[in-house]
Amino acid sequence: MPERYADRTRRMRAALTRGNPVVDLPLLQGFALTSTEIAGLQHTVCDYLWHSAFEFGVALDPPTGPDWFMRNAATLRKLPNVTPNGVVMPKIENTAAYNLLHHMVSSIVAKDLNPVEVAAVFAPINVRLVDGTPNAQVDARPRASTKVHSDIWAAEPSRSVTLFLTVMGDTDRTTVNFWEPKDFPAEYQCSMPDYLDGAPVTEGATPYPASFKNDLLLAMDAFCLHQTVKDGGGYRLSIDFRILYKRRLPTDAYFDTPRLQNYLPLPLWMGLGQSHMLVSRKSIKEFVPDVTLDAFASRFDVTGL
Ligand SMILES: [Fe+2]
């Protein structure tokens, strides 16, 4: 692999300090989760989904794990708090369950995040339930995650890294593909109305080996191009959220973005579900499912306990 992104690789490794990577690419690192972490994630994610359904009048049988998820995924995907890109949003009605899940996730990454390198972390975390069946209408949206894109084009800052936790479901066919761009010029480091506007950056990009497998913690640099794949496979459940680095590198060019207002200082993000709670002020009844905004579409507050 060329060394053009060596400084970005070094920054990612310094910020995330979990053992030896099982995926080791310049813009993408992956680490195995332990069986205890996997069980904890599956339990609390299913609980969050069950509560979301219950609050919105859908009575499901008690959650038991991945089998339960696969049995009920089609019903869950239709809940009114699920966005077209599959994010199961926290609302007033499922706020308590969200904070329990957030605490599970922060407990898992607590020892991995280096406070010398990490400034802030995005809240809320995204709980993403992806239907493997292509949907022409959803997949043609300006910022459909099925288009090859960098998260910078969704107004994420250049000095950010996305963490994925792959929890359960069909990650073989309902997966994410990754590419390394030949270059990422400063003029393309900005919010874009349509991901297709970034096409010149995607030309000639190097595809990475299949890396989006279950039971992993993946770290993806903001320069890493990626695309949700829907290939007629089953449902998939993963968690993703972004981390803001303290350090700026010479290659970083996009800093002041509307998304910054949703990044919480690392200690506060770690305290959600214990000393503080993330609280949605929007009821499911007010939910507008399909708006493209640079700022996060919903308002959230953090309250002390
Ligand atoms: Fe993305």
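Laboratory data are not the source of any read-out in this text; all were calculated from the coordinates shown. All values derive from a computational prediction rather than experimental measurement. Don't worry about glycine lacking a Cβ; one is built from the backbone with ideal geometry, like all the others, and counts go over all protein chains shown.
Placing dummy labels 7 Å off each Cα toward the beta-carbon, the span from Lys182 to Phe255 is 3.0 nm. Other residues lying with their Cβ under 15 Å from the Cβ of Leu101 contribute a combined charge of -3, Lys and Arg counting +1, Asp and Glu -1. When both region 1-58 and region 123-178 are represented by their alpha-carbon centers, they are found 14 Å apart. From helices alone, the chain scores -7000 deg cm²/dmol at 222 nm; the rule is -39500 (n - 2.57) for each run of n ≥ 4 DSSP H residues, then divide by the residue total. Computed over the Cα atoms of region 129-239, pair by distinct pair, the Kirkwood hydrodynamic radius stands at 14.3 angstrom. A cut-off under 11 angstrom between Cβ atoms defines the neighbours of Ala119, and their net charge, with Lys, Arg +1 and Asp, Glu -1, is +3.
Counted without the sites themselves, the longest stretch of the chain free of GluC sites (Glu not before Pro) in a DSSP loop having at most 11 other beta carbon atoms within 10 Å is 4-202. Treating cross-link reach as a plain straight distance, find the lysines whose alpha-carbon is under 18 Å from the alpha-carbon of Lys282, omitting any fewer than eight places away in the same chain. Cross-link targets: Lys91. Of the residues Thr175, Ser283, Val201, the one whose Cα sits farthest toward the positive end of the charge dipole of region 6-304, with +1 on the Cβ of Lys and Arg and -1 on the Cβ of Asp and Glu, is Ser283.
Can you list the chymotrypsin sites (Phe, Trp or Tyr not before Pro) in region 199-281 that are in a DSSP coil and have 12 or fewer other beta carbons within 10 angstrom? Please report the intermediate quantities before stating the final value.
Details: sites: Phe212, Phe223, Tyr235, Phe241, Tyr245, Tyr254, Phe255, Tyr263, Trp269; in loops: Phe212, Phe223, Tyr235, Tyr254, Phe255.
When the chymotrypsin sites (Phe, Trp or Tyr not before Pro) of region 199-281 are filtered for loop state and at most 12 Cβ neighbours within 10 Å, Phe255 remain.
Tell me, what is the FRET efficiency for Arg299 and Asn135 to the nearest 0.05, using R0 = 25 angstrom and their Cβ-Cβ distance as r? Write down the numbers at each step before the final one.
Numbers: r = 28 Å, r/R0 = 1.13.
About 0.35, to the nearest 0.05.
Give me the dipole magnitude in Debye, nearest 20, for region 6-304 about the Cα centre, with unit charges on the beta carbon: positive for Lys and Arg, negative for Asp and Glu. Kindly include the intermediate steps, with their values, before the conclusion.
Working: 29 positive and 32 negative charges, 83 e Å.
Charge dipole, region 6-304, about its Cα centre: 400 debye, nearest 20.
Given C-alpha coordinates of region 6-304, what is the ratio Rg to Rh with the Kirkwood estimate of Rh? With Rg and the Kirkwood Rh in hand, the quotient comes to 0.93.
Helix 95-109 and the longest principal axis of the Cα set of the chain meet at an angle near 40°.
Our estimate of slack between Ile92 and Ser283, defined as 0.36 nm per intervening residue step minus the Cα-Cα distance, is 68.2 nm.
Under the combined filter of DSSP loop state and at most 16 neighbouring Cβ atoms within 10 Å, region 222-255 retains these trypsin sites (Lys or Arg not before Pro): Lys246, Arg247, Arg248.
Computed from phi, the 3J(HN,Hα) profile of region 31-37 under the Karplus parametrisation 6.51, -1.76, 1.60 (θ = phi - 60°) reads 10, 6, 8, 7, 4, 5, 5 Hz, with x in place of Gly and Pro. Rounded if a/c is under 1.5, else prolate if a/b beats b/c, else oblate: with a ≥ b ≥ c from the C-alpha gyration tensor eigenvalues square-rooted, which is region 69-189? Note, shape of region 69-189 comes out oblate.
I'd like the orientation of helix 66-77 relative to the chain: the angle between its Cα long axis and the longest Cα principal axis, in ° from 0 to 90, rounded to 10. That works out to roughly 90 degrees.
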